[in-house]
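Asker: A single structure is presented below for examination.
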(Lines give C-alpha, C1' and ligand atoms only; values in the text may rest on other atoms or scores of the structure.)
Protein backbone atom coordinates (compact mmCIF):
# COMPACT_ATOMS: atom_id res chain seq x y z
CA UNK A 1 0.00 0.00 0.00
CA UNK A 2 1.38 3.38 -1.02
CA UNK A 3 0.87 6.04 1.65
CA UNK A 4 0.89 9.83 1.20
CA UNK A 5 3.24 10.29 4.19
CA UNK A 6 4.80 8.54 7.19
CA UNK A 7 2.10 9.32 9.80
CA UNK A 8 0.74 5.77 9.92
CA UNK A 9 4.09 4.02 9.46
CA UNK A 10 4.87 1.54 12.23
CA UNK A 11 6.70 3.31 15.07
CA UNK A 12 9.22 0.49 15.47
CA UNK A 13 10.96 -1.97 13.25
CA UNK A 14 13.35 -2.05 10.35
CA UNK A 15 12.87 0.22 7.36
CA UNK A 16 14.18 -0.09 3.81
CA UNK A 17 15.35 2.86 1.74
CA UNK A 18 15.50 2.69 -2.04
CA UNK A 19 17.29 4.90 -4.54
CA UNK A 20 15.63 3.82 -7.80
CA UNK A 21 17.57 3.95 -11.04
CA UNK A 22 17.02 2.62 -14.53
CA UNK A 23 20.29 0.65 -14.39
CA UNK A 24 20.44 -0.21 -10.69
CA UNK A 25 18.67 0.38 -7.40
CA UNK A 26 20.48 1.33 -4.22
CA UNK A 27 19.25 -0.33 -1.03
CA UNK A 28 19.71 0.57 2.63
CA UNK A 29 18.21 -1.02 5.76
CA UNK A 30 17.81 0.36 9.26
CA UNK A 31 18.11 -1.58 12.47
CA UNK A 32 15.02 -2.20 14.64
CA UNK A 33 15.63 0.95 16.69
CA UNK A 34 16.23 3.04 13.55
CA UNK A 35 19.36 4.44 15.12
CA UNK A 36 21.61 2.91 12.46
CA UNK A 37 21.29 2.54 8.69
CA UNK A 38 23.32 0.05 6.69
CA UNK A 39 23.94 -0.06 2.95
CA UNK A 40 23.24 -3.23 1.02
CA UNK A 41 24.62 -4.17 -2.41
CA UNK A 42 22.87 -2.50 -5.32
CA UNK A 43 20.43 -4.49 -7.40
CA UNK A 44 21.76 -4.37 -10.95
CA UNK A 45 19.40 -4.40 -13.90
CA UNK A 46 20.71 -5.28 -17.34
CA UNK A 47 17.64 -3.68 -18.89
CA UNK A 48 14.81 -1.87 -17.13
CA UNK A 49 12.26 -4.36 -15.90
CA UNK A 50 10.18 -2.92 -13.07
CA UNK A 51 8.49 -6.27 -12.38
CA UNK A 52 11.82 -8.00 -11.85
CA UNK A 53 13.08 -5.22 -9.59
CA UNK A 54 9.80 -5.10 -7.67
CA UNK A 55 9.94 -8.85 -7.02
CA UNK A 56 13.57 -8.66 -5.88
CA UNK A 57 12.86 -5.75 -3.55
CA UNK A 58 9.77 -7.47 -2.12
CA UNK A 59 11.79 -10.63 -1.47
CA UNK A 60 14.56 -8.61 0.14
CA UNK A 61 12.05 -6.77 2.33
CA UNK A 62 10.72 -10.11 3.61
CA UNK A 63 14.24 -11.45 4.20
CA UNK A 64 15.25 -8.26 6.03
CA UNK A 65 11.93 -8.24 7.99
CA UNK A 66 11.19 -4.60 7.20
CA UNK A 67 7.99 -2.90 8.33
CA UNK A 68 8.11 -0.02 5.86
CA UNK A 69 9.73 1.02 2.59
CA UNK A 70 10.87 4.55 1.72
CA UNK A 71 11.55 5.36 -1.92
CA UNK A 72 13.45 8.46 -2.99
CA UNK A 73 11.35 10.57 -5.35
CA UNK A 74 13.23 12.77 -7.82
CA UNK A 75 11.65 16.21 -7.73
CA UNK A 76 13.03 19.12 -9.74
CA UNK A 77 14.29 22.15 -7.84
CA UNK A 78 11.20 24.07 -8.93
CA UNK A 79 8.99 21.39 -7.32
CA UNK A 80 7.77 19.79 -10.54
CA UNK A 81 8.02 16.13 -11.45
CA UNK A 82 10.24 14.72 -14.18
CA UNK A 83 9.89 11.70 -16.44
CA UNK A 84 12.01 9.78 -13.95
CA UNK A 85 9.50 10.63 -11.21
CA UNK A 86 6.86 8.83 -13.27
CA UNK A 87 9.04 5.71 -13.49
CA UNK A 88 9.66 5.75 -9.73
CA UNK A 89 5.90 5.98 -9.07
CA UNK A 90 5.29 3.08 -11.51
CA UNK A 91 7.93 1.02 -9.71
CA UNK A 92 6.26 1.73 -6.34
CA UNK A 93 2.88 0.70 -7.73
CA UNK A 94 4.36 -2.56 -9.03
CA UNK A 95 6.15 -3.15 -5.72
CA UNK A 96 2.89 -2.67 -3.81
CA UNK A 97 1.48 -5.63 -5.75
CA UNK A 98 4.20 -7.88 -4.24
CA UNK A 99 4.19 -6.69 -0.63
CA UNK A 100 1.78 -5.52 2.06
CA UNK A 101 4.51 -3.42 3.69
CA UNK A 102 3.60 0.29 3.62
CA UNK A 103 5.48 2.35 1.02
CA UNK A 104 6.06 6.10 1.10
CA UNK A 105 8.11 8.60 -0.88
CA UNK A 106 10.58 11.25 0.20
CA UNK A 107 12.22 13.95 -1.88
CA UNK A 108 15.66 12.71 -2.86
CA UNK A 109 17.12 16.07 -3.90
CA UNK A 110 20.90 16.21 -3.53
CA UNK A 111 21.15 12.73 -2.01
CA UNK A 112 23.79 11.64 -4.55
CA UNK A 113 25.85 14.73 -3.72
CA UNK A 114 25.65 14.06 0.04
CA UNK A 115 26.24 10.34 -0.49
CA UNK A 116 29.43 10.97 -2.47
CA UNK A 117 30.58 13.34 0.25
CA UNK A 118 29.85 10.70 2.91
CA UNK A 119 31.72 8.04 0.95
CA UNK A 120 34.91 10.09 1.09
CA UNK A 121 37.81 9.17 -1.14
CA UNK A 122 36.88 6.22 -3.24
CA UNK A 123 38.12 4.69 -6.47
CA UNK A 124 36.29 6.01 -9.49
CA UNK A 125 35.51 2.43 -10.54
CA UNK A 126 33.75 1.81 -7.19
CA UNK A 127 31.45 4.83 -7.40
CA UNK A 128 28.83 3.10 -9.58
CA UNK A 129 28.79 0.10 -7.27
CA UNK A 130 28.40 2.09 -4.07
CA UNK A 131 26.88 5.50 -4.79
CA UNK A 132 23.30 4.30 -5.25
CA UNK A 133 23.23 2.39 -1.96
CA UNK A 134 24.82 5.32 -0.12
CA UNK A 135 22.13 7.52 -1.68
CA UNK A 136 19.52 5.06 -0.38
CA UNK A 137 21.15 5.40 3.04
CA UNK A 138 20.73 9.20 2.94
CA UNK A 139 17.12 8.79 1.75
CA UNK A 140 16.37 6.44 4.63
CA UNK A 141 18.15 8.57 7.24
CA UNK A 142 16.16 11.64 6.11
CA UNK A 143 12.90 9.69 6.32
CA UNK A 144 13.74 8.34 9.79
CA UNK A 145 14.45 11.90 10.96
CA UNK A 146 11.01 12.98 9.70
CA UNK A 147 9.30 9.99 11.28
CA UNK A 148 10.96 10.63 14.64
CA UNK A 149 9.94 14.31 14.55
CA UNK A 150 6.31 13.32 14.05
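The values are calculated or read from the model by the stated rules, or taken from the named source; none is laboratory data. Bear in mind that the values here come from a model prediction, so they are computed numbers and not experimental data. So basically every Cβ, Gly included, is an ideal-geometry build from the backbone, and we count neighbours across all protein chains shown.
Asker: If you go through segment 28-53, how many residues are modelled with pLDDT of 95 or more and crowded, with 19+ Cβ neighbours inside 10 Å?
Answerer: Qualifying residue count, segment 28-53: 5.
Asker: Mind checking which residues of segment 10-20 are surrounded by fewer than 22 Cβ atoms within 10 Å (Cβ to Cβ) and either within 16 Å of residue 72 (Cα to Cα) or at pLDDT 90 or above (or both)?
Answerer: Our first condition is that a residue be surrounded by fewer than 22 Cβ atoms within 10 Å (Cβ to Cβ); within segment 10-20, this holds for 10-14.
Correct list: 12, 13, 14.
Asker: Among the numbered conditions (1) free of Cβ contacts under 8 Å to residues at least 60 places away in the same chain; (2) over 14 Å from the mean Cα position of the chain (by Cα), tell me where residue 58 comes up short.
Answerer: Against the list (1) free of Cβ contacts under 8 Å to residues at least 60 places away in the same chain; (2) over 14 Å from the mean Cα position of the chain (by Cα), residue 58 comes up short only on (2).
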